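Chemist: Below is the structure I would like to discuss, written out as structure tokens.
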Amino acid sequence: MDNILIIRNLRVAVEGKEILHGVDLEVRRGEVHAIMGPNGSGKSTLAAVLAGREGYDILEGEVLYNGMNLLEMEPEERARAGLFLAFQYPVEIPGVTMATFLRTALNEIRKARGQEPLDPIAFLKIARERMSWVGIDPEFLQRGVNESFSGGEKKRNEIFQLLLLEPQLAILDETDSGLDIDALKVVASGVNRMRSPERSFVVITHYQRLLNYIVPDVVHVLYDGRIVRSGGKELALQLEERGYDWLRAEGEELVLPSIS
Amino acid sequence: MATQQDELLQQVTASEYKYGFVADIEEELAPVGLNEEIIHYIWERKGEPEWMLEWRLRAFRHWKTMQEPRWAKVTYPPIDYQAIRYYAAPKKRQVQSLDEVDPEIRRIFEKLGIPLEEQKLLAGVAVDAVLDSASVATTFKEKLAELGIIFCSMSEAIQQHPDLVQRYLGSVVPYTDNFFAALNSAVFSDGSFVYVPPGVRCPMELSTYFRINAARTGQFERTLIIADEGSYVSYLEGCTAPIRDENQLHAAVVELIALDGAEIKYSTVQNWYPGDREGRGGIYNFVTKRGICLGKESKISWTQVETGSAITWKYPSVILKGDGSVGEFYSVAVTNNYQQADTGTKMIHIGRHTRSRIVSKGIAAGRSNNTYRGLVRVLRGADYARNYTQCDSLLIGHTCGAHTFPYIEVLNPTAITEHEATTSKIGDDMLFYCRQRGISEEDAVALIVNGYCREVLLHLPMEFAVEAQKLLAISLEGSVG
């Protein structure tokens, strides 16, 4: 079996309101999956639950990550095991330099991988290289984490962290929102550079646009807390053309196709 | 800096107050309680000149007429001043050379990370070690003496340099100043004395390490630092106490005097025992610290990191008398569990073109209360005085409190004062962001708090800054989750 992620019948509620009504999803190693859906369909809830954010009640279902019971792991354990979330709204941490923050993070993850910690010189070298891949000025390493970064800079910074931390499974939560086309291309090229048979991506997006640059292996449509359709990359184009309404028109007859 | 920060993070274990041991040394103890006989007792033990007895008795008689201040935002049961011991000193006293220091005392300070052997000391730091009521060792005295710098215990200064002591003792904090200053003046038993002669730049950090050891004993030390014209000195102060479930009183007085063009930098890392998680025990830290910029173009800078004590009542202040003089106050005050801190500063602008700067960072966690109380007063003659105040509070959790009481009194129309204040929380989203990058919650709090305090920590001497970072992390252990 080469599934890095298996989600089975995942039902999740927030403040007593059920948001995910039974999600099933399997992601194989090396694949890029796109999850598309209208606002309020549960995309970000799914990302948050996978990363372990508090405030979500798991009503039913299970999630296996590399064969481990993901839902029982602390967020930092998930991160150290190679799960990465590129945040839709990256948080500012004033006064904590990017260099300190990321070296601490990278060395925690390296420790979990059984690698030696990086000293500041070695860290700077690798950080500068990865920053150049997404066009971030090395001067940013001395700034506070996301502190007074523009919206676009924050998003690029998320991808830089992805490049630096080299996860096995990266979840991108609406990384394209608020980006102009040039920034979008930079972000996509960073992600494409990281594609490998050892690494999987779950790309959550509202728009098809991003998928022109990050071409997915599989596209899923999340609608009203369920995955209502899965298909190849052409499904994204179909959605772009027809919007999500045609799915609504087909209503509840939709049967969940299973991807094997 | 980054390496040390990582080391710091690794050192953050599940330890609680790690300085809480009690050492078994032979001490000479005064009877419990306070009256004129006790003052005679202290005066006699110290072998002080006649004028000191007069001085102490005047203070004591005045103290008896005074009321304990109650305006601070702290609450505690009434203190029974007759239940406190006012003098406790190791039997083997002040010694001629460091080799003579009682091995047991030496062990105490080694355990605290303060070796008294000069060759082992951190490069460039001279230490005066005060245990309970007495100074037990002062290092690097000879080396400093070559430059004319006097660095010794207060007892020794009273004997050897009575002219300087008589001239300046009580000149910045008179015994009439407040209740605790009066008490201190009556019963103080030791402390540090520094005099830097004109034009001398003190080549090493001077440091006093205070340790309370004996039970039911108060510590009342007195520090006097005089920087003569055009001189410079940087002074550090550290403090710890054993874990005891009673409250112990610490009422110190620190006076700084800067003459023309002189600069005094005074840094404190205060780590008195804060009490346990339920708020039992801990030190009552009621301290009066004040400096005067007597000369023109002089400068006094206070930097403090306050993590300890059950209650902190402390307002290191600067009187800006000389024209063009500068006062600074950089503060980080952390409270956790049931700790209470009411701390801040006073900047009194008297001279023309005087400037002051206040940066205060309060951090409250647990069920603690953290108050900033500050006064900026610009007197009539202080033409073109300037003050900038920045006052930030950080809250961790939902059961703590942060309070700010800034007072600004301006009597001169050419003066400019600025005040900025913020309150923020370590939000769940901030912690989650760190954890998603593989950083544990405790480490994330330490990282965030250190980032928040960076502006203040930068003003500490390097060795002290690292120590302070560790303390911040340890003080906030268990404050989340």
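Chemist: Calculate for the protein assembly as shown the 222 nm mean residue ellipticity that helices alone would give, adding -39,500 (n - 2.57) per DSSP H run of length 4 or more and normalising by residue count, nearest 500 deg cm²/dmol. Display every interim value, and only then the final one.
Modeler: Numbers: 19 runs with 201 residues, N = 741.
Value at 222 nm, helices only: -8000 deg cm²/dmol.
Chemist: Please report the orientation-averaged projected area of the protein assembly as shown, defined via the convex hull of its C-alpha atoms, in nm². Mind showing how you got there, number by number?
Modeler: Values: hull surface 142.0 nm².
The directionally averaged projection comes out at 35.5 nm².
Chemist: Right, something else. Roughly what % antiparallel, to the nearest 5, for the DSSP beta bridges in segment A:3-259? Walk me through the numbers before you get to the answer.
Modeler: Numbers: 26 of 44 bridges.
For segment A:3-259, the DSSP antiparallel bridge percentage is about 60.
Chemist: In segment A:1-70, which GluC sites (Glu not before Pro) fall in coil by DSSP and have 15 or fewer other Cβ atoms within 10 Å?
Modeler: On the way: sites: A:GLU15, A:GLU18, A:GLU26, A:GLU31, A:GLU54, A:GLU60, A:GLU62; in loops: A:GLU15, A:GLU31, A:GLU54.
In loop regions of segment A:1-70 (DSSP not H, G, I, E or B), the sparsely surrounded GluC sites (Glu not before Pro) are A:GLU15, A:GLU54.
Chemist: When DSSP beta bridges are limited to those with both residues in the protein assembly as shown, what percentage is antiparallel, rounded to the nearest 5? Display every interim value, and only then the final one.
Modeler: Values: 38 of 182 bridges.
Approximately 20 percent, going by the DSSP bridge assignments.
Chemist: Normalise the Debye intensity by I(0) for chain A, one equal point scatterer per Cα, no solvent, then take log10 at q = 0.09, 0.10, 0.11, 0.12 Å⁻¹ and round to two decimals.
Modeler: -0.40, -0.49, -0.59, -0.71
Chemist: Angle between the Cα long axis of helix A:151-165 and the longest principal axis of chain A, 0 to 90 degrees, nearest 10?
Modeler: Helix A:151-165 sits at roughly 80 degrees to that axis.
Chemist: Where does the charge balance sit around A:GLY52 when Lys and Arg score +1, Asp and Glu -1, over other residues with C-beta under 11 Å from its C-beta? Could you put the intermediate results ahead of the total?
Modeler: Values: positive: A:ARG53, A:ARG78, B:ARG435; negative: A:GLU54, A:GLU72, A:GLU74, A:GLU76, A:GLU77.
Local net charge: -2.
Chemist: Given R₀ = 35 Å, FRET efficiency for A:ASN9-A:GLU74 by Cβ-Cβ distance, to 0.05? Numbers along the way, then the final one.
Modeler: Values: r = 23 Å, r/R0 = 0.67.
Computed FRET efficiency for A:ASN9 and A:GLU74 comes out at 0.90.
Chemist: Let me ask something else. Can you pull the mean other chain C-beta count within 10 Å for peptide A:40-53? Present the calculation step by step, with values, prior to reporting the outcome.
Modeler: Working: counts 0, 0, 0, 0, 0, 0, 0, 0, 1, 0, 0, 3, 3, 6.
Whole-number average of other-chain Cβ neighbours for A:40-53 is 1.
Chemist: Points 7 angstrom from Cα along the Cβ direction at A:ASN66 and A:ILE126: gap in nanometres?
Modeler: Placing both labels 7 Å beyond Cα along the Cβ direction yields 1.6 nm.
Chemist: Peptide A:143-153: average number of partner chain Cβ atoms within 10 Å per residue?
Modeler: Details: counts 0, 2, 7, 1, 1, 0, 0, 0, 0, 0, 0.
Partner-chain Cβ atoms within 10 Å, mean over residues of A:143-153: 1.
Chemist: Further, regarding this structure: At 7 Å along the Cα-to-beta-carbon direction for both A:SER177 and B:MET462, put a label point, then send me their distance in nm to one decimal.
Modeler: Output for this residue pair reads 4.6 nm.
Chemist: Apply 1/(1 + (r/R0)^6) to the Cβ-Cβ distance of A:LYS185 and A:ASP245, taking R0 = 41 Å, and write down the FRET efficiency to the nearest 0.05.
Modeler: Numbers: r = 30 Å, r/R0 = 0.72.
After rounding, the FRET efficiency stands at 0.90.
Chemist: For chain A, what is the relative contact order in percent, using Cα pairs closer than 8 Å and at least 6 residues apart in sequence? Each step should come with its number before you reach the end.
Modeler: Numbers: 478 pairs, mean separation 69.7, N = 260.
Reported as a whole number, the value is 27 percent.
Chemist: Also: Identify the GluC sites (Glu not before Pro) of segment A:136-217 meeting these criteria: DSSP loop state and at most 16 other C-beta atoms within 10 Å of the C-beta.
Modeler: Details: sites: A:GLU139, A:GLU147, A:GLU153, A:GLU158, A:GLU174, A:GLU198; in loops: A:GLU147, A:GLU174, A:GLU198.
Sites meeting the loop and neighbour criteria: A:GLU147, A:GLU198.
Chemist: Something else now. Please state the shape class of segment A:128-250: rounded when a/c is under 1.5, otherwise prolate if a/b exceeds b/c and oblate if not, all from the C-alpha gyration tensor. Please report the intermediate quantities before stating the final value.
Modeler: Details: a/c = 2.44, a/b = 1.89, b/c = 1.29.
Cα axes put segment A:128-250 in the prolate bin.
Chemist: Sticking with this one: Compute the distance in nm between two label points, each set 7 Å from the Cα along the Cα-to-Cβ direction, one at B:GLU420 and one at A:ARG113.
Modeler: Label-label distance for B:GLU420 and A:ARG113, simple model: 4.0 nm.
Just so you know, all these numbers are worked out from the coordinates, no wet-lab data involved. What you see is a predicted model, and the numbers here were worked out from it, not measured in a lab. Cβ sites come from the backbone with ideal geometry, for glycine too, and all protein chains shown count toward neighbours.
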